[in-house]
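> Structure below; questions to follow.
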Amino acid sequence: MDYRRRSGSVGRDNEKEAEMIRCLVVDDHPAVRMGLLGLLEDQPDFVVLDAVATAEAAVAFAESNAIDVAVVDYQLGGRNGLWVSRKLKRLPEPPRVVIYSAYSDGILAAACVVAEADGLVSKARLGSELCDAIRRVAQGQLLLPTVRPALADSMRRRLGSDEQAIFGMLLAGISPPEIAHTLGFSAGELESSLWTMLRKLERLEVEPAELLRNRSWVGTRRPTRLLTKG
Amino acid sequence: MASAAQSPERRRYVPLFHRVAGVNALLLIAAVAVTIIVLAPRKISSFASDEAVVLVAALALVVLVNLYLLRRLVGPLQALTALARRVDLSLPGERMPTAAPASEAGDLALTFNEMLERLESERREATGRVLAGQEAERLRIAQELHDQVGQELTAVLLVLSRVQAHVAPEVRSEILEVQDAVRASLEDVRRIALELRPEALDDLGLISALAVLCERFAERSGLAVTQRIADELPELEPETELVVYRVAQEALTNVARHSGSERAELKLDRVDGAVTLSVRDAGRGLPVGSAPGAGIRGMRERAALIGATLEISDVPDGWGCEVRLEVPLEVPR
């Protein structure tokens, strides 16, 4: 597959820059951060703008720099990767977000949906798979493990009735503006609901990555919201 | 454990009851004989047979009454000895009947009960401390594995991915093998961390944690695990949830290791005033006459800690063995 032959839908001014995927690396572990930096800089179509250790530094960087994909460790010591994702998605030109996590399971995937992250990659994946995921996400694909119905049900029990509706619609791939419209919420109200939901659902990694071992990456659903975004 | 502590040099002796009863009977007979000889020496030769019968009957009656009174006094002592021999602190709650007559023996029974009470509560506290320490240690190790070993392996994996692109093709396959080995270690580390500490329990509560446990267990062991979790379950204390979770974990492990069964069922239900966890298999049932292993003792100890009871028994209708934990909602402490 030639990822560089993407359509010009990214819509950048500079043609050369549009060819390159501008990345931000966020990981609190120095060795992982260096490893990520080395790997991504080695890719001909990636340019790593910065590698930071904290959630706050990531958000601060993204506020003043245009990035395409943020690769964010889920556990960052203080605030986690999902917090970063929600913050980044509120920017005027939100980047894609790949959560790079020790576990990548259905529960965390559901929390990623609420945080509007685009991808979830297990740290047990090969570097080439991570790069592949970054390229796909940059193209607008959504790479989240599916949430099994039984698990979604047990998570739903933790939410209020409005929140359950929002959660269901997010899982179905309906975009936040549409959800706000359907429920008659203002953007601010939906935003605060999403934060509340995230607080209820986050810190959730539970299943080992091997549960997802046989799950195909390619078959992941592609909700319209991500294809029409921006 | 009580039976194991039995001292080997315990000597045989004539029981107190027999000794006192024997001495009393002899004394009575001697007293009667002396009385007859002293008071009516000449009558001995001319005893009518019916008088002799009355005398012997009266004597027997007196001896019997003496036996009965003695039995009532000494009986509690024998019951006490029996209880002291079989008492098992991991199955608490067994006591002497305190309706014993007011006597030293009754007093001893009361004191014995008080001592059991004290031992059980001390044991509960000690077990609680040990288990809390164990859980804290597990959490620490899990975090260490996750935050240090796991991250470093991830870093190695990333470096390998990068190096792989730069090396000669003949070395590449070896690097791929190393990558696979690192990945396998990484997954092992994560699995061990998860087993040490069920994060789902802290984050999602017991029901989801059990659901995840069953799925993971089925995945790894190949057992078909059915979950039957009731809808309306009361909120449990975190301490209680941890005990239920650990018992379920241990019971499923036992099914996979010992039962020979290919399926298991985990049921969490509410019956009046209690929450019950039942884990059953379709295996060969309990081995006959075997002492409970460390796993079962551990489950019992955890159960005792929250005032719950644990029963392990064979169940009919195509099932093998069942572990059943009953957690009273109002915990008597």
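Nothing in this text is a laboratory measurement; each read-out follows from the coordinates by a stated rule. Just so we're clear, the structure is a prediction, and the values are computed from it rather than from any experiment. Glycine also receives a Cβ, built like all others from the backbone with ideal geometry; neighbour counts cover every protein chain displayed.
> For every helix of n ≥ 4 consecutive DSSP H residues, a contribution of -39,500 (n - 2.57) applies; sum these over the protein assembly as shown, divide by its total residues, and give [θ] at 222 nm rounded to the nearest 500 deg cm²/dmol.
Working: 20 runs with 300 residues, N = 563.
For the protein assembly as shown, the value works out to -17500 deg cm²/dmol.
> From other protein chains only, count the Cβ atoms within 10 Å of every residue's Cβ in A:32-39, then give the mean.
On the way: counts 9, 3, 3, 11, 4, 2, 6, 8.
That average works out to 6.
> In nm, to one decimal, how far is the modelled label at B:Asp269 from the one at B:Leu69, with both set 7 Å along Cα→Cβ?
5.6
> Give me, ordered by chain and number, the residues 5 or more places off B:Thr226 or on other chains with an amide H under 5 Å from its own placed amide H.
Under 5 Å from the amide H of B:Thr226 lie the amide H atoms of B:Ala264, B:Glu265, B:Leu266, each far enough along the sequence or on another chain.
> Given labels modelled 7 Å from the Cα in the Cβ direction, how far is it in nm from B:Glu152 to B:Glu94?
The two pseudo-label positions are separated by 5.1 nm.
> Would you order A:Asp73, A:Asp45, B:Asp231 from fewest to most other beta-carbon atoms within 10 Å of each residue's own beta-carbon?
Working: A:Asp73 27, A:Asp45 15, B:Asp231 7.
Result, fewest neighbours first: B:Asp231, A:Asp45, A:Asp73.
> Could you tell me which helices of chain B pass both thresholds, a Cα extent of 30 Å or more along their own axis and a mean Kyte-Doolittle hydropathy of at least -0.5, with helices taken as whole DSSP H runs? Can you show the working numbers first?
Values: long enough: B:16-39 (34 Å, 2.21); B:49-86 (52 Å, 1.24); B:104-144 (59 Å, -0.70); B:169-196 (41 Å, -0.10).
In chain B, the long hydrophobic H runs are B:16-39, B:49-86, B:169-196.
> Here's a follow-up. Please report B:Ile312, B:Ile36, A:Ile107, A:Ile67 as a ranked list, fewest other C-beta atoms within 10 angstrom at the top and most at the bottom. Working shown, then result.
On the way: B:Ile312 17, B:Ile36 14, A:Ile107 28, A:Ile67 23.
Taking fewest neighbouring Cβ atoms as first place, the list is B:Ile36, B:Ile312, A:Ile67, A:Ile107.
> Going 7 Å from the Cα of B:Val62 toward and past its Cβ, which residues in the range B:17-33 have a backbone nitrogen under 16 Å from where you end up?
Backbone N within reach: B:21-33.
> Which order do A:Val52, B:Val56, B:Val38 fall in if you start with the one that has the fewest other Cβ atoms within 10 Å? Can you show the working numbers first?
Working: A:Val52 23, B:Val56 12, B:Val38 8.
Ascending Cβ contact count within 10 Å gives the list B:Val38, B:Val56, A:Val52.
> What residues qualify as long-range amide H neighbours of A:Arg22, i.e. H under 5 Å apart, gap of 5 or more or another chain, H built at 1.01 Å from N?
A:Val47, A:Asp68, A:Val69
> Around A:Leu76, which amide H atoms from residues at least 5 apart in sequence, or from another chain, sit under 5 Å from its own amide H, with H modelled in the peptide plane?
Sorted by chain and number, the residues that satisfy this are A:Gly81.
> Determine the gain in length on full extension of the stretch B:Thr111-B:His18; use 0.36 nm per residue of separation and subtract their C-alpha separation, reporting nm with one decimal. If you can, show how the numbers build up before the last one.
On the way: separation 93, 0.36 × 93 = 33.48 nm, distance 2.49 nm.
Length gained, B:Thr111 through B:His18: 31.0 nm.
> Same structure, new question: Could you tell me which of rounded, prolate or oblate describes the range B:128-195, using a ≥ b ≥ c as the square roots of the eigenvalues of the alpha-carbon gyration tensor, with rounded for a/c under 1.5 and, failing that, prolate when a/b is larger than b/c and oblate otherwise? Numbers along the way, then the final one.
Working: a/c = 6.74, a/b = 3.60, b/c = 1.87.
Prolate shape, in that a/c is at least 1.5 and a/b is the bigger ratio.
> Estimate the FRET efficiency between B:Arg86 and A:Asp42 by the formula 1/(1 + (r/R0)^6), using the beta-carbon distance for r and 56 Å for R0, to the nearest 0.05. List each step's numbers first, then the result.
Working: r = 71 Å, r/R0 = 1.28.
Working from the Cβ atoms, E equals 0.20.
> Then there's this: Give me the dipole magnitude in Debye, nearest 20, for the range B:128-195 about the Cα centre, with unit charges on the beta carbon: positive for Lys and Arg, negative for Asp and Glu. List each step's numbers first, then the result.
Values: 8 positive and 12 negative charges, 40 e Å.
I would put it at about 200 debye.
> Working out 0.36 nm times the residue gap between B:Ala31 and B:Arg172, then minus their Cα-Cα distance, what length gain in nm do you get to one decimal?
On the way: separation 141, 0.36 × 141 = 50.76 nm, distance 10.84 nm.
Once the chain is fully extended between B:Ala31 and B:Arg172, it gains 39.9 nm.
> Let me spell out the model: positive unit charges on the Cβ of Lys and Arg, negative unit charges on the Cβ of Asp and Glu, origin at the Cα centre of the protein assembly as shown. What dipole size does that give, in debye rounded to 20?
1540
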